[in-house]
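To start, the structure itself, in structure tokens.
The values are calculated or read from the model by the stated rules, or taken from the named source; none is laboratory data. Computed from a prediction, not measured in an experiment: that's the story for all the values here. All Cβ positions, glycine included, derive from the backbone under ideal geometry; neighbour counts span all protein chains shown.
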Amino acid sequence: MEKTMIRKIKIVLVFMLVGLVAMADSTQFVMEGPEVVAMGEQFRLGFTLNERGTDLQLPDLSNFDVLMGPSTSQSSSIQIINGKTTQTSSFSYIFILRAKKEGKFSIRPASIKVGGKTYESNSLNIQVVKGQPQQSSGQQGGSQQNAQQQQDDTPSGNISKDNLFVRVAVDKTNVSKGEQILSTVKLYISQNVPLNGFDDVKLPSYEGFWTKDIDVPTQVNFTREVYNGKIYQVGILKKTILFPQQTGNIRIDPFEITCLVRQRVRQQQGFFDDFFDNYRVVKAKVVSDPVTINVKDLPNQPANFNGAVGNFTFSGTLDKTTAKSNEAMTLKLTVSGTGNLNLINPPKIELPQDFEAYEPKTTDKTMASDNGMSGSVTFEYLFIPRYAGNFTIPAVQFVSFNPSTRQFVTKSTEAFNIKIEKGKDDQNSGVVNSYSKEDVKMIGKDIRYIKQNRTQLKPKGSTFYGTIEFYSIFILSTLAFAVFYVVNRKKIEESKNLTLVKNKRANKVALKRLKEASGFLKSNQAEKFYEAVIKALWGYLSDKLAIPVADLNREKAAASLLDKGIEQDVVSELMKIIDDCEFARYAPSAFSGTMTEIYDGAAKVMGIFEKQIK
């Protein structure tokens, strides 16, 4: 009894100790602040703790003026999940700082005590740049007057390139063929430019590259960034991994986007109009500068090089080392790492003579991120040994090019020793052993021998051939074929007209693509849904109007539809659907519709086109 009590006490103490360790490990002390500030600008430096603490020790802030602080606050929240109630608390300490000089400064961790134990926060790097000059009241009034005049004279928007621009940023411009490049399309907005949304977007074609898009949020998030010594609000519109497929200088075409900017207009028409401000949204088209990538060829490529460029590991496994003749076996070769995984060709393997091999199956598990293309690709080789014996599959070599060292790297597996026993259906193993599979295509049970049994012959006329029934069926079949040809001659003539064929299949193709959009609609995948709708519309118009997609644009599509007799209201509805899809993808805040409305509108418009365009 006493031993049982001691054991229970030990268990309770262990659980208490584990709980204390877990509580200690869950304590978080975080320092937060902006990455970039301007001279003369006030900013917040905050410390957040999820436990009640004492004795806050600040780091060295000699490069900043402490204008206010600490301002303390406490918040708590209660959650009830499956009947279990949890409560969390947060304690904040806020300071208002202002930089004394320009430069890059590192703020070391702060410390605080919780339950007698000291905890440190993270460190923080802050860049201080030159502030923007302030205008006097007279200059400001004059600039407003000039801005008003510019808005009246230029309804499409007249915004300085220093205040609103877009650029295609690449992490490197000198690479080797097949080396991955991270391309990021960024929109830079000055703090005094009120962005209201986006309109037309023209993406770079990335001709000469194999591309893989990186998923970015549909809602553009803006963060602070310093460019050419000035602070901007920067939003990432698109991220793409590029793999150059040719050498020399490859030009990345500019990125174009039309921004909707809200501007204030003061119209002095009466006494009371001086007290009210009117706003209007103007269009400002911004175009990035083209980017040139210098691509170098790979030096002295080995004969067994299969196109792998990056940093990889290589391994191989055999599903079994003992089998019976005519029994399938699988060899798996796996390439893992970072680089052009999707462009790697299957390595060559040397199988023993008379092993029947099939084309390898490729399975890739890759992901695209800011670190590039990473993951693995597996090649499965299925082969069948046809006769018994001991065999060896030589070591498989994998050659890749490492762009950081500009050297070829060779890795290989071990040799695979295989023992094949005689199977039940191996009837000719002793004979087949001296032939290759090129000499004998059918072995084992596949070989068919000449029958030597006596066959009883029948006299002429006793068989179906040559009888009245035979000739009757022959004549009827000929007549049926002639009727079938006459009836289907019109279809045969129509099939020769490629434009007419495309016209007939337009609705089928469009409905198929809208079916894909319907799947995204049901799974609530907004970005993929809008992309599928746009592709369906442009593909439908390309087939229906006999205009290649590369040559098709809004103006040409509208003009062609009007020439086909489509009413202006229907054409306007089509353009509105395309605009709504673009808004939903790149400026969700400016789009108030729903995916169901877009889907129904696209189906309705294509139904009208199908009826009226012949």
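Listed here are the residues, each with its yes/no results for (1) within 23 Å of the chain's Cα centre (by Cα); (2) modelled with pLDDT under 80; (3) more than 29 Å from Asp215 (Cβ to Cβ).
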{"position": "Asn507", "(1), (2), (3)": "no, yes, yes"}
{"position": "Lys535", "(1), (2), (3)": "yes, no, no"}
{"position": "Lys556", "(1), (2), (3)": "no, no, yes"}
{"position": "Ala559", "(1), (2), (3)": "no, no, yes"}
{"position": "Lys614", "(1), (2), (3)": "no, yes, yes"}
> Based on what the data block shows, is Gln301 in a loop (DSSP other than H, G, I, E, B) and modelled with pLDDT under 85?
Replying inline: no
>> For the range 380-428, give me each residue that is of a type outside the set (Lys, Arg), assigned to a loop (DSSP other than H, G, I, E, B) and closer than 28 Å to Thr363 by Cβ.
In response: Pro394, Ala395, Val396, Pro403, Ser404, Thr413, Glu414, Ala415
> Is it the case that the range 445-465 has a residue that's in contact with an Asp or Glu (Cβ under 8 Å, 6 or more places away or on another chain) and at pLDDT 75 or above?
Replying inline: no
>> Here is a list: Lys104, Lys100, Lys113. Which entry is within 17 Å of Thr27 (Cβ to Cβ) and among the charged types (D, E, K, R)?
In response: Lys113
> Could we say that Phe47 is farther than 15 Å from Val114 by Cβ, at pLDDT 85 or above and among the aromatic types (Phe, Trp, Tyr) here?
Replying inline: no
> What are the residue pairs meeting all of these: first residue in the range 29-53, first residue assigned to a strand (DSSP E or B), second residue among the charged types (D, E, K, R), Cβ atoms under 6 Å, and 6 or more apart or on different chains?
Replying inline: Val36/Arg224; Gln42/Arg98; Gly46/Glu32
>> Suppose we filter Asp364, Asp370 for residues that are within 28 Å of the chain's Cα centre (by Cα) and free of Cβ contacts under 8 Å to residues at least 60 places away in the same chain; which single one remains?
In response: Asp364
> Got a number for residues in the range 327-366 being in contact with a Ser or Thr (Cβ under 6 Å, 6 or more places away or on another chain) and part of a strand (DSSP E or B)?
Replying inline: 7
>> Take Thr405 and tell me if it is among the β-branched types (Val, Ile, Thr), out of contact with any strand residue (DSSP E or B) (no Cβ under 9 Å at 6 or more places or on another chain) and either surrounded by 15 or more Cβ atoms within 10 Å (Cβ to Cβ) or not assigned by TED's automatic domain parsing to the domain that holds Val170 (or both).
In response: yes
